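This report refers to the structure that appears directly beneath it.
The values are calculated or read from the model by the stated rules, or taken from the named source; none is laboratory data. Everything numeric here is computed off the predicted structure, so don't read it as measured data. Backbone-built Cβ (ideal geometry, glycine too); neighbour counts: all protein chains shown. Note: areas computed on protein heavy atoms with side chains; ligands, DNA, RNA excluded. Shrake-Rupley method; radii C 1.70, N 1.55, O 1.52, S 1.80 Å.
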Amino acid sequence: MRYPQGGGLTAERQQFRERLRLQAARRFTQGEASAVIARDLRVTPRSVQRWRQMWNEGGPRALRSQGPASLPRLSEAQFVQLEAELAKGPAAHGWEDQRWTLARVKTVIGRRFHLTYTIQGVRKLLVRNGWSCQVPARRAMERGRVGPRGVALRGRLAAARGAWLVFEDEAGFSMTPPQAKTWSQRGRTPVVRVRGRSRRRVSIAALTCYKPGHRSRLIYHPRRDDGQRDGRKSFSWRDYRDLLIAAHQQLGGPIVLIWDNLNVHRAADLREFAEARDWLTIYYLPPYAPHLNPVEGVWSLLRRGRLSNVAFITPEHLIQRIRRGLRHIQHRSDLIDGCLAETGLTIRPR
């Protein structure tokens, strides 16, 4: 269980800390070393040294709590209102940039609730309620103009005509593995050994397939880069044609395909192929909308799972790990459904 640090302790946590200090005081009288006490109580030696100094100056009474934990001045209902105000963003409250600082939150509290907080009090209030100072993620401004309504309409269209709603995306994987957190001794940065410079690359085109009343499916096709400078490193329109034909055979029904605006996706030959097949209907995602494609979730699962921190020896080793990861996802329809849920899209039968 995690507790707020640097203030904002709950009453239970305050009592727990007091019991630790009093245990340390009893061991001070026995002349035990600070390092031994810190190890047994599972606290830092610096904390024990500070407690010892307080004990030397004022005895055990100096180690008792100074009173009950202070109650927040904002009620739970008021903090919910504050979160709603902060969710509007700093621009809605008159600031030009997109940073919430303690001083700005203090100003919002004063305007909204007519309460005066100190900067330290604002920090304790936020930490107590699960807030922290974080590095923000970047997102293209155009994404705010793209909503799931258009893709939801495609989903209703697919359900109405008994078709599979299929999303497609591609990703490339190299001999350098994705990084993931790992445990290590403090002060010793863990090292993941990887291959040196290698242009060997594996590209994967994947389809996530959804249909109400049916098990969700994942279909994929790998393409290996031979490392030659003049060789083709991406999928051609014929590769997509063959993938769609294979998907139609496996799914056994019409397909409503949704993918991005990649140049090869709009190739004239591929459009002619689609127009000649009554079982295939193609729609394109708006620009800056990868968050609407469930296949992005498949890549995330793959990179955070079977591929992270692996020292790939050969391209064959890389391909083997990719296939194992994708097969694992193929057998877990709940993971494929989760990738769709992450986009915020739903497919409902009419």
Options 258, 319, 313, 336: the member that is outside any helix (DSSP H, G or I) and closer than 28 Å to residue 175 by Cα: 313
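Would you please name the residue that is most open to solvent (accessible area, probe 1.4 Å), looking only at residues in region 38-58 that are in a helix (DSSP H, G or I) and aliphatic (A, V, I, L, M)?
Of region 38-58, the ones in a helix (DSSP H, G or I) are 38-41, 45-58.
Cutting the leftovers down to aliphatic (A, V, I, L, M) gives us 38, 41, 48, 54.
Values: 38: 4, 41: 24, 48: 0, 54: 68 Å².
Here the residue is 54.
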I'm told residue 260 meets every condition in (1) exposed (fewer than 15 other Cβ atoms within 10 Å of the Cβ); (2) out of contact with any helix residue (DSSP H, G or I) (no Cβ under 6 Å at 6 or more places or on another chain) except one. Can you identify the failing condition by its number? (1)
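Looking at this structure, is residue 121 out of contact with any strand residue (DSSP E or B) (no Cβ under 9 Å at 6 or more places or on another chain), under 30 Å from residue 22 (Cα atoms) and at pLDDT below 85?
Working: out of contact with any strand residue (DSSP E or B) (no Cβ under 9 Å at 6 or more places or on another chain): yes; under 30 Å from residue 22 (Cα atoms): yes; at pLDDT below 85: no.
Answer is no for this residue.
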Does residue 33 qualify as being free of Cβ contacts under 8 Å to residues at least 24 places away in the same chain, in contact with a helix residue (DSSP H, G or I) (Cβ under 7 Å, 6 or more places away or on another chain) and within 29 Å of residue 16 (Cα to Cα)? no
How many of the residues in region 215-241 are open to solvent by 50 Å² or more (accessible area, probe 1.4 Å), modelled with pLDDT of 90 or more and over 22 Å from residue 300 (Cα atoms)? 2
If I ask for residues that are in contact (Cβ under 8 Å) with a residue 40 or more places away in the chain and closer than 16 Å to residue 211 by Cβ, which ones from region 232-252 would you list? 247, 251
For region 261-291, how many residues are assigned to a loop (DSSP other than H, G, I, E, B), without any contact (Cβ under 8 Å) to a residue 60 or more places away in the chain and of a type in the set (Gly, Ala, Ser)? 2
Name the residues in region 11-37 that are of a type in the set (S, T, N, Q), open to solvent by 50 Å² or more (accessible area, probe 1.4 Å) and assigned to a helix (DSSP H, G or I), would you? 15, 23
From the set of residues in region 292-308 that are open to solvent by 70 Å² or more (accessible area, probe 1.4 Å) and in a helix (DSSP H, G or I), which is nearest to residue 254 (Cα to Cα)? 296
Any idea which residue in region 293-343 is modelled with the lowest pLDDT, counting only those that are closer than 24 Å to residue 257 by Cβ and among the hydroxyl-bearing types (Ser, Thr, Tyr)? 343
How many residues are open to solvent by 50 Å² or more (accessible area, probe 1.4 Å) and of a type in the set (A, V, I, L, M) if we restrict to region 104-124? 1
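Determine whether residue 289 is open to solvent by less than 50 Å² (accessible area, probe 1.4 Å), more than 18 Å from residue 163 (Cα to Cα) and at pLDDT below 90. Step through it out loud before you land on a result.
Values: open to solvent by less than 50 Å² (accessible area, probe 1.4 Å): yes; more than 18 Å from residue 163 (Cα to Cα): yes; at pLDDT below 90: yes.
It is true that residue 289 is open to solvent by less than 50 Å² (accessible area, probe 1.4 Å), more than 18 Å from residue 163 (Cα to Cα) and at pLDDT below 90.
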